[in-house]
1. Please state which one of VAL66, VAL74 is outside any helix (DSSP H, G or I), hydrophobic (A, V, I, L, M, F, W, C) and surrounded by 11 or more Cβ atoms within 10 Å (Cβ to Cβ).
2. Against the condition outside the structural domain of VAL13 (by TED's automatic domain parsing), in contact (Cβ under 8 Å) with a residue 40 or more places away in the chain, under 21 Å from GLU12 (Cβ atoms) and assigned to a helix (DSSP H, G or I), how does LEU89 come out, does it pass?
3. Going residue by residue through region 23-43, is there one that turns out to be farther than 30 Å from GLU109 by Cβ, among the small types (Gly, Ala, Ser), outside the structural domain of GLU109 (by TED's automatic domain parsing) and touching a residue at least 24 places away in the same chain (Cβ under 8 Å)?
4. Within region 31-63, restricting attention to residues that are basic (Lys, Arg) and part of a helix (DSSP H, G or I), which residue is farthest from LYS6 (Cα to Cα)?
5. State all residues of region 1-30 that are closer than 15 Å to ILE78 by Cβ and either among the hydrophobic types (A, V, I, L, M, F, W, C) or part of a loop (DSSP other than H, G, I, E, B) (or both); if no residue qualifies, say none.
6. State whether the residues of region 92-107 include one that is without any contact (Cβ under 8 Å) to a residue 12 or more places away in the chain, of a type in the set (Phe, Trp, Tyr) and in contact with a helix residue (DSSP H, G or I) (Cβ under 6 Å, 6 or more places away or on another chain).
7. Looking at region 1-49, which of its residues are of a type in the set (Asp, Glu) and under 17 Å from GLU65 (Cβ atoms)?
Amino acid sequence: MSLNCKYEKVLEVLLGKWKTAILYQLYSKGTMRFGELQRAIPDITKKMLTQQLRELEYHDILLREVYHQIPPKVEYSISAYGQGLLPVLLEMNDWGMAHIQHLNELYGEEGSVKAFVSRIDEIAGK
């Protein structure tokens with residue numbers, strides 16, 4: 001990665017199938033326990049949730065607080081540093097919504113996903 005390309009660093013932090021879903025839950029609901037996150041994102045496996053949480057914690061986006069009690073209790077929340085990511089995520093959401101609308105205008109509501117898949121297949125030579 002070149003020093004001039006900071007987009008790659010942002011993508012390194014955000015890329016991962018579940019990271020934005022995890023961040024959405026924590027930004028909207030505040031502090032959550034592991035089980036609460038897993039119930040809020042039912043398709044994620046325990047292994048994947050653990051991995052994604054660790055990566056977000058490594059980048060100081062999340063705080064992980066361990067309570068030494070029986071049964072053990074661990075809570076996750078957005079760090080003060082991670083709060084700075086919220087405007088980026090909101091802008092990405094706005095762009096995503098505008099892009100969906102754009103595709104709907106181009107291909108119709110039903111056809112936008114089909115057209116996208118067809119175009120990808122065409123590009124891939126399938």
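1. VAL74
2. On the way: outside the structural domain of VAL13 (by TED's automatic domain parsing): yes; in contact (Cβ under 8 Å) with a residue 40 or more places away in the chain: yes; under 21 Å from GLU12 (Cβ atoms): yes; assigned to a helix (DSSP H, G or I): yes.
Yes.
3. Here is the first cut: in region 23-43, the residues farther than 30 Å from GLU109 by Cβ are 26, 29-39.
Next, from what is left, pick out any that are among the small types (Gly, Ala, Ser): 30, 35.
From what's left, outside the structural domain of GLU109 (by TED's automatic domain parsing): 30, 35.
Add one more test, that the residue is touching a residue at least 24 places away in the same chain (Cβ under 8 Å), and what stays is 30.
Looking through region 23-43, at least one residue is farther than 30 Å from GLU109 by Cβ, among the small types (Gly, Ala, Ser), outside the structural domain of GLU109 (by TED's automatic domain parsing) and touching a residue at least 24 places away in the same chain (Cβ under 8 Å).
4. ARG39
5. Step one: list which residues in region 1-30 are closer than 15 Å to ILE78 by Cβ, which gives 13-14, 19-30.
Matches in region 1-30: VAL13, LEU14, ALA21, ILE22, LEU23, LEU26, GLY30.
6. yes
7. First, pick out the residues of region 1-49 that are of a type in the set (Asp, Glu): 8, 12, 36, 43.
Answer for region 1-49, where residues must be of a type in the set (Asp, Glu) and under 17 Å from GLU65 (Cβ atoms): just GLU36.
The values are calculated or read from the model by the stated rules, or taken from the named source; none is laboratory data. The structure presented is a predicted model; accordingly, all values stated were derived computationally and were not measured. Glycine also receives a Cβ, built like all others from the backbone with ideal geometry; neighbour counts cover every protein chain displayed.
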